[in-house]
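So the structure is just underneath, and the comments pick up after that.
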Amino acid sequence: MDFKEVLDKERATRKFTDQRVSEKVIREILTDAQRSPSLLNSQPWRVYVAMGKAVKNIRADFKELIEKGEQPREDFAALMKVEWDTFPSQNMSTMSDTLNYFLRGEMTQFDEAQVNLFNAPVLVFLTIPKKSPAWSVYDLGTFSQTLMLSAVDHGLCTMPAHAIVKFPDVIRKYMDIPDDEAIGMGIGLGYKDKRASINGYRSKRVPLDKIVKFAKE
Ligand SMILES: Cc1cc2nc3c(=O)[nH]c(=O)nc-3n(C[C@H](O)[C@H](O)[C@H](O)COP(=O)(O)O)c2cc1C
């Protein structure tokens with residue numbers, strides 16, 4: 001696929017169909033993701049892939065905890081300060097306003113998508129050692145992006161979401177993840193449900209000049 005086409009198609013998919021994804025394709029995507037750069041080639045990432053029954057179990061347990069009103073307890077929140085500066089805060093509130101407008105105020109679609117873990121048939125959990133410098137968080141980001149671009153190139157859709165990692169204890173119940181690793185990010189993979197209106201939402205970006213400054217002398 002042409003690079004611009006891949007980039008254009010790499011959008012959050014908030015509702016997947018039940019169609020299964022082959023393990024062979026997932027392995028190809030992860031092999032591509034391993035090409036990502038990392039500080040001194042440290043490759044701090046580890047990958048745990050939930051499919052089939054494992055996904056169903058995780059989804060059911062998450063749902064139960066959410067319905068009980070349990071608060072998220074992401075591993076990264078325990079490791080890092082989660083305070084947002086004004087610029088990203090404003091961008092997040094724009095995203096929420098435009099999505100609300102697109103859904104004509106029916107934000108329940110968005111909320112249900114989170115609770116159902118987007119109905120993703122595959123959940124990829126990405127970890128780094130708990131004992132990591134900030135560089136490894138950066139490296140995990142590069143790994144995620146290569147993974148998602150490759151997934152799109154393989155005809156899949158992607159959903160990166162902190163909603164997928166909000167209860168690390170549940171994930172650990174079904175996936176063999178050592179305690180000294182932080183479950184940093186979750187990415188749903190699968191095929192887009194084209195009938196779901198929430199998948200029609202297209203996010204925008206701030207104008208380039210808001211984020212870039214050139215110095216020429
Ligand atoms: C670290 C990270 C966490 C995210 N968490 C969620 C999430 O929990 N729920 C959700 O609906 N979207 C989540 N997203 C998706 C973003 O909202 C989305 O990438 C952004 O609005 C830009 O839209 P686009 O990916 O469709 O271009 C997350 C994205 C990233 C990179």
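Values quoted throughout were computed directly from the atomic coordinates according to the rules given, and no laboratory measurement underlies them. Please read all numbers here as calculations on a predicted model, not as lab measurements. Cβ: placed from backbone, ideal geometry, glycine included. Neighbour counts: every protein chain shown.
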Item to check | Ellipsoid semi-axes in whole angstrom, largest first, where each is sqrt(5λ) of the Cα gyration tensor of the range 1-58 | outcome: 24, 20, 11
Checklist outcome for this item: Final fewest-first order of Leu40, Leu123 on the 10 Å Cβ neighbour count is Leu40, Leu123
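To the nearest 500 deg cm²/dmol, what mean residue ellipticity at 222 nm is calculated for the chain from DSSP H runs of n ≥ 4 alone, each contributing -39,500 (n - 2.57), summed and divided by the residues? Mind showing how you got there, number by number?
Numbers: 8 runs with 91 residues, N = 217.
About -13000 deg cm²/dmol.
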Checklist entry - Excluding Phe3 itself, what net charge comes from residues whose Cβ is under 14 Å from its Cβ, given Lys and Arg +1 and Asp and Glu -1? => result -4
Next on the checklist: For Phe62, Phe3, which order do you get if you count the other beta carbons within 10 Å of each Cβ and list the fewest first?
Outcome noted: Phe3, Phe62
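Could you size up the charge dipole of the range 61-198 around its Cα centre, putting +1 on the beta carbon of Lys and Arg and -1 on that of Asp and Glu, and report it in debye to the nearest 20? Working shown, then result.
Numbers: 13 positive and 20 negative charges, 52 e Å.
In debye, rounded to 20, the range 61-198 gives about 240.
With only Lys, Arg, Asp and Glu charged, each at its Cβ (+1 for the first two, -1 for the last two), find how big the charge dipole of the range 131-217 is about the Cα centre; round to the nearest 20 debye. Walk me through the numbers on the way to the answer.
Numbers: 13 positive and 10 negative charges, 134 e Å.
That gives a dipole near 640 debye.
Chymotrypsin sites (Phe, Trp or Tyr not before Pro), restricted to the range 75-160: which are DSSP loop and have at most 14 other Cβ atoms within 10 Å?
Values: sites: Phe76, Trp84, Tyr101, Phe102, Phe110, Phe118, Phe125, Trp135, Tyr138, Phe143; in loops: Trp84.
Listed in order of number, the matching sites are Trp84.
Determine the sum of side-chain charges near Val115: Lys and Arg each +1, Asp and Glu each -1, restricted to other residues whose C-beta is under 13 angstrom from that of Val115.
Working: positive: Arg14, Lys15, Arg59, Lys63, Lys68, Lys166; negative: Asp61, Glu64, Glu67, Glu70, Asp111, Glu112.
My count for the surroundings of Val115 gives 0.
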Checklist outcome for this item: Cα-based Rg/(2.2 N^0.38 Å) for the range 43-191, rounded to two decimals, is 1.07
Checklist outcome for this item: Taking Asp153, Asp75 and counting other beta carbon atoms within 10 angstrom, the fewest-first order is Asp153, Asp75
Item to check | Dipole of the chain, positive direction: furthest Cα of Phe76, Val25, Ile66, with charges on the beta-carbon | outcome: Val25
Checklist outcome for this item: For the table Lys15/Lys53; Lys130/Lys213; Lys15/Lys204, the rows whose alpha-carbon distance is greater than 25 Å are Lys130/Lys213
